Amino acid sequence: MSTTGLEYDGADLGKDALLRVEDLRKEFGGIVATDATLGVERGSLTGLIGPNGAGKSTLFNLVSGFLDPDAGRVYLDGVDVTDRRPDEIAQRGLLRTFQTPRTLEGMTVRESLLVAPFDQPGESILPLYFQPGSVTDTERELLGRAQQLLEAFEIDHLATTPSTELSGGQSKLVELARAMMTDPYVLLLDEPVAGVNPVLEAELTDHIRRLNDRGVTFLVIEHDMDFIMDIADPIIVLNQGRVLVEGSPEAVRTDERVLDAYLGGVS
C-alpha cells in the first residue's frame, strides 16, 4: 500500500498488524467512551463485542475518521491516519458499514454501487469535454464491475430497484457490495446481521467468509453471540471503553471476566 501523502512514523506495529490503535481515547461530557489499544492482523476476521455502551461504535467512528480522538493514534498498514477525513481513510483502503445501512435517495441499487469508486473522471467537467473516451471507458468498466458484484452477492435481480425500497437485509447486502466496488483492504462491519432474517443472515455470513478467504481483513461488531462466535477468530471484548479480553471464541466464551461483564454468567 502506498504511503503517498501520509506520514509514516516508524512505529513497530508487527508485520501482520494491518490496523492498530494505540491509546485511542474519546470522552463525551467527561465520560470516557473509548480508551483502547488493539490490533487487527492482516487477513483476519476479528470480532469486537461488549455490552451496550462499551465503546464499540465509538471506536469504529474514531478509526474511520467520523470522530476526532481526544488522544491516541490510528495506524493503517503502519501509516498514521489519525487525523484524516473519512474519505481519505477510505481511499487508503479502510471502509466501514453502519448499524442502519445508508440508502441513497433517488438511486437504484446499481446506481448506488456505481457512485462508490473514488476519483471517477466523469465527476469533473473538463474530462467530459477533453477526455470523453476516458470517461466512457471508465463508465463501461465500472458497469461491468457493478454487474459482477450484483451477481456475486446474488442481488442482480434488484439492480433497477430503488435503494429506498429494500428490506433491511437486502440493504446490508447492497452496502457490502458497494464497499467492494472500492477494493478495500479492511472492512469494519457494525452489526451486519442485526434485524436480518435467517435466510439473509446465512447469505451475509457466506459472503463475509468468502471475502475474507480472498484476503479482505474484517473487524466486526455484533451482539448476536452465535454469529460472532461462529465466524470470528480472534474476538476482542471491550468493557467500559477498554479491552478486557482478546482470544479465541472458546477462550472468550469461558473467560470469567467476560461472563461477569458481558454474558451475565451464562456460557
* Non-local amide H neighbours of GLU222 (under 5 Å, H modeled in plane, Pro and chain starts lacking H): which ones? -> LEU48, GLU191
* Asked: Let a ≥ b ≥ c be the square roots of the eigenvalues of the Cα gyration tensor of segment 35-75; is it rounded (a/c under 1.5), or, if not, prolate (a/b larger than b/c) or oblate?
  -> oblate
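Could you calculate the contour length gain from GLN148 to THR182, that is, 0.36 nm times the residue separation minus the distance between their Cα atoms, to one decimal place in nm? Please report the intermediate quantities before stating the final value.
Values: separation 34, 0.36 × 34 = 12.24 nm, distance 1.35 nm.
Using 0.36 nm per residue and subtracting the Cα-Cα distance, I get 10.9 nm.
THR136 to ALA71: FRET efficiency via 1/(1 + (r/R0)^6), r the Cβ-Cβ distance, R0 35 Å, to the nearest 0.05? Can you show the working numbers first?
Details: r = 48 Å, r/R0 = 1.38.
With R0 = 35 Å, the Cβ-Cβ based efficiency is 0.10.
Cα gyration tensor of segment 146-253, axes a ≥ b ≥ c as square roots of the eigenvalues: rounded (a/c below 1.5), prolate (a/b > b/c) or oblate?
Working: a/c = 2.25, a/b = 1.83, b/c = 1.23.
Taking the square roots of the gyration eigenvalues as a ≥ b ≥ c, segment 146-253 is prolate.
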* To do: Give the long-range amide H neighbours of ALA33: residues separated by 5 or more places, or on another chain, with amide H under 5 Å away, using H modelled in the peptide plane at 1.01 Å from N.
  => LYS26, GLU27, PHE28
* Structure fact -> Row for segment 164-220, column shape: gyration tensor on C-alpha, a ≥ b ≥ c, rounded if a/c < 1.5 i.e. under 1.5, prolate if a/b over b/c, else oblate; value prolate
* Where the accessible area of segment 60-104 is counted over protein heavy atoms with a 1.4 Å probe, how much of it, in %, is carbon and sulfur? -> 43 percent
* Modelled label reach - GLU27, point 7 Å along Cα→Cβ, segment 239-259 residues with backbone N closer than 16 Å -> 241-242
* Asked: What FRET efficiency comes out for the pair THR161/THR254, r = Cβ-Cβ distance, R0 = 45 Å, nearest 0.05?
  -> 0.50
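The values are calculated or read from the model by the stated rules, or taken from the named source; none is laboratory data. For clarity, every value in this text was computed on a predicted model and none was experimentally measured. Reconstructed Cβ throughout: ideal geometry from the backbone, glycine too, with neighbour counts over all protein chains shown. The accessibility values were calculated without ligands, DNA or RNA, using every heavy atom of the protein model including side chains. Shrake-Rupley method; radii C 1.70, N 1.55, O 1.52, S 1.80 Å.
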